[in-house]
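Working notes for the structure below.
The values are calculated or read from the model by the stated rules, or taken from the named source; none is laboratory data. Bear in mind the structure is a predicted one, so any value in this text is a computation, not a measurement. Note that each Cβ is placed from the backbone with ideal geometry, even for glycine, and that neighbours are counted across all protein chains shown.
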Amino acid sequence: MAHFTVEYTHNIEQDADLPRLFADAHRLLADTGVFPVAGLRSRAHRLETWRVADGAGDYAFVHATFRMGHGRDAATRRRVAEALFALIKAHFAALQSRRLLALSFELTELDPEMSFKHNNIHQRFAS
């Protein structure tokens, strides 16, 4: 269970290249050896209604979250979080150099007793 979600303001949609970000994130996560490829999910939420700071500028933001299943130690969680945030910053570096853009990221670990799954995708990768 590894879900990467990106919320972004609609005014950067043309420059965000989220399919590439997701492909790079999946490659990075798979290469850690921590997450099975079959459990990786990414999605984006385009924000139409939002406000940043005083609302006077052509501001934009990206807030990403990574939710992972329970059981990895703190050092592993930190390593994954730092790697993903570095990827996010690199991905948006050119855009951030041209406009006002806030980037934020949060990693959370799911409660093992309140996280439910039903999935047949793992079977494809089992062999």
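So that you can scan it fast, the table gives a plain yes or no per residue for (1) in a loop (DSSP other than H, G, I, E, B); (2) touching a residue at least 12 places away in the same chain (Cβ under 8 Å):
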{"position": "His70", "(1), (2)": "yes, yes"}
{"position": "Ala86", "(1), (2)": "no, no"}
{"position": "His91", "(1), (2)": "no, yes"}
{"position": "Ser97", "(1), (2)": "no, no"}
{"position": "Leu100", "(1), (2)": "yes, yes"}
{"position": "Ser104", "(1), (2)": "no, yes"}
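For region 8-24, does any single residue satisfy the condition of being within 30 Å of Arg124 (Cα to Cα), part of a helix (DSSP H, G or I) and among the charged types (D, E, K, R)? Checked region 8-24: at least one residue is within 30 Å of Arg124 (Cα to Cα), part of a helix (DSSP H, G or I) and among the charged types (D, E, K, R).
Condition check ((1) modelled with pLDDT under 95; (2) surrounded by fewer than 16 Cβ atoms within 10 Å (Cβ to Cβ); (3) closer than 13 Å to Ala64 by Cβ; (4) in contact with a Lys or Arg (Cβ under 6 Å, 6 or more places away or on another chain)) across all residues:
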{"residue": "Gln14", "(1), (2), (3), (4)": "no, yes, no, no"}
{"residue": "Leu18", "(1), (2), (3), (4)": "no, no, yes, no"}
{"residue": "Ala25", "(1), (2), (3), (4)": "no, no, yes, no"}
{"residue": "Gly39", "(1), (2), (3), (4)": "yes, no, no, no"}
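Any residue at all in region 50-57 that is without any contact (Cβ under 8 Å) to a residue 24 or more places away in the chain, out of contact with any helix residue (DSSP H, G or I) (no Cβ under 9 Å at 6 or more places or on another chain) and under 25 Å from Glu109 (Cβ atoms)? Before the answer, list the steps.
Our first condition is that a residue be without any contact (Cβ under 8 Å) to a residue 24 or more places away in the chain; within region 50-57, this holds for 51, 53-56.
Now drop any that are not out of contact with any helix residue (DSSP H, G or I) (no Cβ under 9 Å at 6 or more places or on another chain), which leaves 51, 53-56.
From what's left, under 25 Å from Glu109 (Cβ atoms): none.
No: zero hits.
The residue of region 51-68 that is surrounded by the fewest Cβ atoms within 10 Å (Cβ to Cβ), among those that are aliphatic (A, V, I, L, M) and part of a loop (DSSP other than H, G, I, E, B), is Ala56.
Asp31: out of contact with any Gly (no Cβ under 8 Å at 6 or more places or on another chain), surrounded by fewer than 13 Cβ atoms within 10 Å (Cβ to Cβ) and farther than 16 Å from Phe125 by Cβ, yes or no? In short, no.
Just to be sure, is Phe105 among the aromatic types (Phe, Trp, Tyr), modelled with pLDDT of 95 or more and closer than 22 Å to Ile121 by Cα? Please lay out each step first, then the result.
On the way: among the aromatic types (Phe, Trp, Tyr): yes; modelled with pLDDT of 95 or more: yes; closer than 22 Å to Ile121 by Cα: no.
No, not satisfied.
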